[in-house]
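All of the numbers you see were taken from the coordinates with simple rules; none came from a lab. Since the structure is predicted, the reported quantities are computational estimates derived from the model, not experimental observations. Cβ: placed from backbone, ideal geometry, glycine included. Neighbour counts: every protein chain shown.
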Amino acid sequence: MTLLITLITGVMLLAAIAVVVLRGLLAAVAALAAVSLALSVLFVLLRAPDVALAEAAVGAGLSGVLLALTLRRVGLWPGGPAREDEQ
Amino acid sequence: MSTGAVLYAGAIGLFLIGCYAMVAERHLIRNILGLVLVESGVNLLLVAVGFRENAAAPILKAGQSAGMMVDPLPQALVLTAIVIGFGVLALALALVVRVHQAYGTLDTREVARLMRVEREASGPGAAGPRAGAKS
Amino acid sequence: MKGYGHTAATLLFLTGLGILLIAILQALPFGLAPMQVGQAIVAAAPGDTGADNIVTAILLGYRGLDTLGEVTILFVAAAAAGMVLGGASRGGAQAENAGFILHSAAYLLFPFLLVLGAYIVLHGHLTPGGGFQGGAILAAAFFVPVLASPASPFNHRTAMLVEGFAGAAFIMIGLVSLVGSDAFLTPFFGKGEAGALFSAGSLPLLYLAIGLKVGSELAGLMARVSGAEAGA
Amino acid sequence: MSLLLRRRFFWEEIDLMSLLDILLLVAALLASGLFVLGRGSFAGWLATVVYGLMLAVLAIAGLALDSGVAFIPSAMSFEILGRNLGWRLDGLGWFFALLTVGAAFFASWYGSGEWGRKQKRMGLQHALLALNVLAMLLLLSSGDLLSLFIGWELVSWAAFAIMTQGGGPAVAAAYRYMIYALAGAMAVFAAIMLVQNVTGGLGFADLQTAISAMSTAQVWVLFILFAAGFGVKMALMPFHLWQAPAYSETPGASSAFLNAVSARMGLFALILVLVKLTGLEALGSLAIPFTFMSAKSALMWVAAITMVVPTFIALMQTDARMLLTWHGIGQGGYMLLGVLVGTSLGTAGGLMHVFNYATYQAALFLAVTAVIHRAGTSDLDELGGLITRMPWTYVTLLMGIIGLAGLPPMNGFVSKWMIYKSLLDGGQPLLLIMAFAATLGTILSVYKLIHNIFLGQLRREHQHLKEAPVSMVLPMLILAGIGFVTGFMPGLALNITDIAQRAIGGDMLPHHLGGVTLATGSLNMLWVVGVLIGAIGAGALIFYLLGNRRYEVHQFDNYAGGHFLSADIRYHFSHEFYPGLARVIGPWYRGSIVRAEQGIGILVNVAGDLWQAVFRVAYTPLYMLLVVVLGLVFTGSWGIVP
């Protein structure tokens, strides 16, 4: 169990570093979703299934979608449809 | 390296990386990403603090005694925190969209500079960011 | 050289912060949660509320008023986002449809997500999950089609209606419980048989209200941020 | 799960007999292999990897020792003249071996890259470093007095070999070192023979029985011989003259290695013989006639003087490497003082100071070598303003000098605090004042170091300098990083010193991750460092986020008193850095011991000349007479005695 937790924590921290390091914002958002996913696995391992479910649904799912939508809205999604009407 | 040290290190790591994104980055969306990371770190910490060795999840099954469960209280708090965190995220992103509409950029220094220019242009006493919002 | 000092200062600050956090956490034992309140709750919750899921028991049974506040905060956030974005919907409205596969998959997914969300909401007192998690999935169910074809209308009016009714229902349940007892949101209807769907008194009803409210709220929120305002 | 369970006990599956043998064998193979491979970066990288593996072996050995194994024996043993000669590694030796191999690892890494390629006289550098490691490991794992002496000699000669590598002034310094080392070795040998005379054995146990069997005068002779012999190597005060020139003239990475650990071999032997075997009570009861002092307090005062005087000599140096080596001598005094206090806190503090000193002194020397590599000199009068050219080297040097000066947040603070605290608790206020005086001198002189190299005016000829290459910057940054991490988490270093302390015997020091908690006061570096760094960082952030209205000028764009200065006018103040202080202590520090050394030198010269004169001038009948007289005396005594 310690090994598993260490592994997942490592993945989570790497993804978190990727959030800061990656230059593309969409990639950063995807890395954030990965952080949430790893976090929800950790929650399962910590015997918190309720929290894990919430984290997976809200953190990994809806937050990522919301952020991606915002990126499209402000024209930062590369090739996104809102590119042309940027002021 | 015990499990607790790993988890605490993970929580601290998330917290610090998020703080870095909030303080050092100049892009508003990146600041918000940092905020989400900080929230995640705190959530992980709370759940880890409530963990007990050799205990079950706080959901009753037949023939289980109540003493063998992890602490359900932090979990309830974290559940609330996750949902509210999402609300905060949504509001923050709405504000970001608005800032983008008003200034055409999400660079914090650029926005601050534009706001200063606006304030100086509209003279003292005038409402700041509202003035040129629909340009 | 520009920004060099800023980065150095940030790193210095974060190092100090990290060391302070280590200082706090190294005194915190892991795996030995004292559970001063938790122990009492774990012992009393099944008898008090009849819910198997103790987190649900805490959220709705012991901290019901708090949850009402939480839902209110979510509502305020959604309303504020709507106000901030209101009217300015030209952003992504003219986005073209996604590809055929995505489009049909989104509509195929809709009933499954709906069922999954409803299941999670309704079994909140028995299994992991509940109104918030299920609500998020319900929101996803309604929002995925919008994502697949941004031109399709999202009915904000209906969403607001559902949300309003759900919120009112939550408060109504709370008020009804005032009749029988002297406290707001006291669970009623009897505890029922442990493990059955219809057990734990009014908690499933409360979670149903929360699920509907959260679902409609989140769906509306995302639709607003994405700019799908066409059908409003 | 089964994997974890097995891992917890895996050293029990490894034959303990083999661990030390593996270590010695690998070191011997490496040394001989590098003689064949010679120079070239391949040899350096190979050595680095092998040192890394040796560190891993040492880590396993450490786990075994930590779990309660008393020592790790070697299968190697000889029978010489009826004496058993064996080797075994106990906790004390393990601790010093860890530092040795660690320092060799970083020095070798540093020397493998660009630095090694650019060296003209690299020659056998790597091989000699490996030879030093082997010799030190043999010394540290010695199992009796004879193997101790053999290791001692090997270490002396190996150090001599590595010192003469650089050529030039280093050779003269190395000869000086060798004379001292041989004299010291003879003293040690005499002491060992004394033990052998009394007990007829050469084991460590024989030393203990010898002390109880000897008369007070004999014990005094033994004590003085051991203290002087080992004190030469760690440059205790009257025998300190050789160290600064010898170590500072050694080329580059090797000097970092020598500075970090070589002199500590003397400390190891002192701790082993005087503290572990003889025992501090025995030393304390060995009173000096007609005074209140005992041998123990006399040695403590020697350590204290060693702490203070070289520090102020360092203040006067104008060469960065000389300045640092003089400090190295002074820091040795702290370690010995801490160990001699004898309380658990003092012993732990002294041992931890060994560890800390190794980290920051190696980092400092590597940084100074990087400066020499780029700027071509380590003369403090010839440098300045390099901070914009070599920022990472600056960071390393800054962290290193904070450690050297014993200020938070670096690890030097923790060990010095522990030594101060043990002096205070042990009722030694005068020694405490000496320690404070030495620290004051350290702070003054390290400021001189960093100011003259990195701050102030950049010289025109250094305008196009670049930062040192990664192969040099990385090891020194890692060393400084170790110093920082063990500064705010001293528990990590204390876990290591625990093993050594258990081997010495006596009370253990209870500690936690952040420091120690005592009845008379406690130290938690996590809070100290966290608040310090966090507050500085927050202040700096506020400065940069809110009030950042600086006006940056180029380093050459200067004016003073309304006059513009062109770049060739030097206003950077570096020569005669502390003039007032120098005037006060100048006449006092220079001289007496140097003159004593010169006097002895002259005496030896005269004696040598006289002896030579006898051979050259005298005529044959005198020799005949001498031979006849000696022969008569010999046969006469032969006839009489039996």
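Details
- Rounded tilt (10° steps) of D:145-164 against the dominant C-alpha axis of chain D: 50
- Dipole moment magnitude, nearest 20 debye, chain D about Cα centre, only Lys, Arg, Asp, Glu C-beta charged: 940
- Per-residue shielding of C:62-68, expressed as the average number of other chain Cβ atoms within 10 Å of the residue Cβ, stands at 2.
- Chain B - percent relative contact order, Cα under 8 Å, separation 6 or more: 20
- Cα gyration tensor shape for the range D:86-157, rounded if a/c is under 1.5, else prolate or oblate: oblate
- Pairs of Cα atoms nearer than 8 Å and 6+ residues apart set the relative contact order; for chain A it is 24 percent.
- Think of the protein assembly as shown as having a plus end and a minus end, set by charges on the Cβ of Lys, Arg, Asp and Glu; of D:M265, D:Q208, D:S522, D:M265 sits farthest toward the positive end of this dipole.
- Shown is the FRET efficiency for B:E110 and A:L4, computed with R0 = 51 Å from the Cβ-Cβ distance and rounded to the nearest 0.05: 0.70.
- Extreme residue, positive dipole direction of the range B:16-117, given options B:V117, B:L35, B:V97 (C-beta unit charges): B:V117
- Average other protein chain Cβ within 10 Å of Cβ, residues D:19-29: 0
- Relative to the longest principal axis of the Cα atoms of chain B, the long axis of helix B:108-122 lies at roughly 40 degrees.
- Ordering of D:100-108, B:28-36, C:165-173 by packing [mean C-beta count within 10 Å, highest first]: D:100-108, B:28-36, C:165-173
- FRET efficiency, 1/(1 + (r/R0)^6) with R0 51 Å, evaluated for B:M68 and D:I80 via beta carbons: 0.20
- Folded to 0 to 90 degrees: helix D:344-375 orientation relative to chain D principal axis, Cα: 60
- One chain, two ends: D:S215 and D:S32. Fully extended at 0.36 nm per residue, the span grows by 61.2 nm beyond their Cα-Cα distance.
- Pairwise FRET efficiency - D:L63 versus C:V76, Cβ, R0 = 41 Å, nearest 0.05: 0.10
- Extension gain, D:T388 back to D:F290 (0.36 nm per residue minus Cα-Cα distance, nm): 29.2 nm
- Alpha carbon centroid spacing (whole Å) that separates the range D:46-96 from the range B:4-37: 45
- 10 Å Cβ shell holding at most 11 others, DSSP loop, trypsin sites (Lys or Arg not before Pro): longest site-free stretch of chain D: D:121-465
- For the range A:2-78: rounded, prolate or oblate by the Cα gyration tensor [a/c cutoff 1.5]: oblate
- Relative contact order of chain D, pairs being alpha-carbon contacts under 8 Å that are 6 or more residues apart, as %: 12
- Exposed GluC sites (Glu not before Pro) absent - longest run of chain D, DSSP non-H/G/I/E/B, at most 13 other C-beta within 10 Å: D:1-551
- Here the sum of -39500 (n - 2.57) over DSSP H runs of 4 or more residues, divided by the residues of chain D, equals -23500 deg cm²/dmol at 222 nm, to the nearest 500.
- Computed about its Cα centre, the charge dipole of chain B is approximately 400 debye, with only Lys, Arg, Asp and Glu carrying charge at their Cβ.
- Cα gyration tensor, the range D:593-640 - rounded (a/c under 1.5), prolate or oblate: oblate
- Cβ neighbours within 10 Å from other chains - mean over C:48-61: 5
- From helices alone, chain B scores -23500 deg cm²/dmol at 222 nm; the rule is -39500 (n - 2.57) for each run of n ≥ 4 DSSP H residues, then divide by the residue total.
- Full extension of the segment from D:I536 to D:H554, taken as 0.36 nm per residue of separation minus the current Cα-Cα distance, would add 3.9 nm.
- Candidates per GluC sites (Glu not before Pro) in the range B:51-120, loop by DSSP, up to 13 other Cβ within 10 Å: B:E53
- Spin-label model distance (nm) - D:A172 vs D:V49, 7 Å beyond Cα toward Cβ: 4.3
- About the centre of its Cα atoms, the protein assembly as shown shows a dipole size close to 1860 debye [charges on the beta carbon of Lys, Arg (+1) and Asp, Glu (-1) only; nearest 20 debye].
- Placing unit charges on the Cβ atoms of the charged side chains and taking the dipole of the protein assembly as shown about its Cα centre, the candidate lying farthest along the positive direction among D:N132, B:G50, D:V606 is D:V606.
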